[in-house]
Amino acid sequence: KYILLQHPISITALSSISPLGKTPESIWYNYLNASHCFTEKDGVLVATFPKALKVDIEDLRQSNSKYRALDHSVLYAIFSARNAIKSAGWKATDNFGINIGSSRGATALFETYHEEFLKNNKAETLSSPTTTLGNISSWVAHDLQTQGPEISHSITCSTALHAMLNGIAWINSGMCDKFLVGGSEAPLTAFTIAQMQALKIYAKCDVSLSAVETLYPNQALNLNKTENSMILGEGAAMACLESGTTKNALAQIVGIGYATEILEHNASLSTNAICFQRSMRMA
């Protein structure tokens, strides 16, 4: 089984912000760098933004009184989306669609509102509209002043790729010529990390680690490791999709694939990653 696209779809811009930085140059530099981007926070390892990027996000928050009440996941999406459409040369009048997903959503803000509710037995006025999952795409649409469709969803680790899949489907249907797709995460909160620790998948911050493990504490490619070593990070990434072949295309999408893993337990992936194999064969 495979899906044949009616027309190739061009990726005309990519933008991301992460602990690696915000520009292609800084990101590539950090990929080549032999050191990691992890820091210790409250006894655990996390991957957070460099200081200069944190300043940029704070400047964005202060630039508009409405933005001061938004979760970081929304601010990250706005910041990355602005860079993407600028690079693609899009205008608000293009009426492009927006599909931005998030696994965790407005994590920090939701926890803040919940803590205040436990203390006062009252909810803040903005607790609902600023923590619903749909507020990411809707705020990006507001910031960019677009008139096209706006969609949000959550499919855990596949969220942003499903946003791309959905954007392709809209373009293939003929209902839209352009789609901004991506994902945004700001999960570095004590409760979220505690959830990962409860699943026993989070990396331990151990001063007795060997020199190699200290250099690369997450050990993602070490198939001989004896314990889980996942470390949470934060960031956002966007891609601009356009119908057909364009002169400014960075790449073209000519095939897509998808599959669903049948869970054996609550945090399961089959030994041979069957769903990955099926999606790659389809593509």
Original post:
For SER184, what is the net charge nearby, where nearby means another residue's Cβ is under 11 Å from its Cβ and Lys, Arg count +1, Asp, Glu -1?
Top reply: -2
**OP:** Convert 4 °C to kelvin, take the viscosity as 1.567 mPa s, use the Kirkwood radius over C-alpha pairs of segment 5-164 as Rh, and evaluate the Stokes-Einstein diffusion coefficient in µm²/s, rounded to a whole number.
**Re:** 74
Original post:
Could you give me the ³J(HN,Hα) list for segment 80-90, computed from phi with Karplus coefficients 6.51, -1.76, 1.60 and θ = phi - 60°, whole Hz, x at Gly and Pro?
Top reply: 5, 5, 4, 5, 5, 6, 5, 5, 7, x, 7
**OP:** Assuming 1.306 mPa s and 10 °C, estimate D for segment 104-173 with Stokes-Einstein, Rh taken as the Kirkwood radius over Cα pairs, in µm²/s.
**Re:** 113
**OP:** Name the long-range amide H neighbours of MET230: under 5 Å, sequence gap of 5 or more, or other chain; modelled H, no Pro or chain starts.
**Re:** ALA203
Original post:
Based on the Kirkwood radius over alpha-carbon pairs, what is the Stokes-Einstein translational diffusion coefficient of the chain at 37 °C with 0.692 mPa s viscosity, in µm²/s?
Top reply: 161
Original post:
Using only helices, what value at 222 nm comes out for the chain when you add -39,500 (n - 2.57) per DSSP H run of length 4 or more and divide by the total residues, to the nearest 500 deg cm²/dmol?
Top reply: -10500 deg cm²/dmol
Original post:
Applying the Karplus parametrisation 6.51 cos²θ - 1.76 cosθ + 1.60 with θ = phi - 60° to the phi angles of segment 58-68, what ³J(HN,Hα) value in whole Hz is obtained for each residue in order, glycine and proline being reported as x?
Top reply: 5, 4, 4, 4, 7, 6, 8, 4, 5, 6, 5
Original post:
How much of HIS7 can a 1.4 Å solvent probe reach, expressed as accessible area in Å² and rounded to 10?
Top reply: 110
Subject >> Local electrostatic count at HIS114 - Lys and Arg +1, Asp and Glu -1, tallied over other residues with Cβ under 15 Å >> reply: -2
Original post:
What is the dipole size for the chain, taken about its Cα centre, with +1 at each Lys and Arg Cβ and -1 at each Asp and Glu Cβ, in debye to the nearest 20?
Top reply: 440
**OP:** State in Å² the accessible area per residue of the chain; use a 1.4 Å probe, count heavy atoms of protein chains only, and round to the nearest integer.
**Re:** 58
**OP:** Give me Rg over Rh for segment 52-132, both radii from the alpha carbons and Rh done the Kirkwood way, two decimal places.
**Re:** 1.04
**OP:** Take segment 79-205, compute every pairwise Cα distance, and split them into 10 Å bins from 0; I just need the percent in each bin.
**Re:** 12, 35, 30, 17, 6, 0
**OP:** Can you tell me the relative contact order of segment 133-282? Whole percent, Cα pairs under 8 Å, sequence separation 6 or more.
**Re:** 20
**OP:** Using a 1.4 Å probe and counting only protein heavy atoms, arrange ASP94, ASP71 so the residue with the most accessible area comes first.
**Re:** ASP94, ASP71
Subject >> Relative contact order of segment 54-147, defined on C-alpha pairs under 8 angstrom at six or more residues apart (%) >> reply: 37
Subject >> log10 of Debye I(q)/I(0), alpha-carbon scatterers only, for segment 9-70 at 0.30 Å⁻¹ >> reply: -1.18
Subject >> Per-residue SASA entry for ILE193, accessible area with 1.4 Å probe, Å² rounded to 10 >> reply: 10
**OP:** Normalising by the residue count of the chain, find the relative contact order in percent from Cα pairs under 8 Å and 6+ residues apart.
**Re:** 31
Subject >> Principal axis dimensions, largest first and in whole angstrom, of segment 229-283 by Cα >> reply: 46, 30, 15
Subject >> Apportionment of accessible area to carbon and sulfur, the chain, percent (1.4 Å) >> reply: 57
Original post:
Could you state the principal axis extents of the C-alpha atoms in segment 143-283, from the largest down, to the nearest angstrom?
Top reply: 56, 37, 30
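The values are calculated or read from the model by the stated rules, or taken from the named source; none is laboratory data. These numbers were taken from a predicted model, which means no experiment stands behind them. Every residue, glycine as well, gets a Cβ built from its backbone with ideal geometry; the counts of neighbours run over all protein chains shown. Heavy atoms of the whole protein, side chains included, go into the accessibility calculation; ligands, DNA and RNA do not. Shrake-Rupley method; radii C 1.70, N 1.55, O 1.52, S 1.80 Å.
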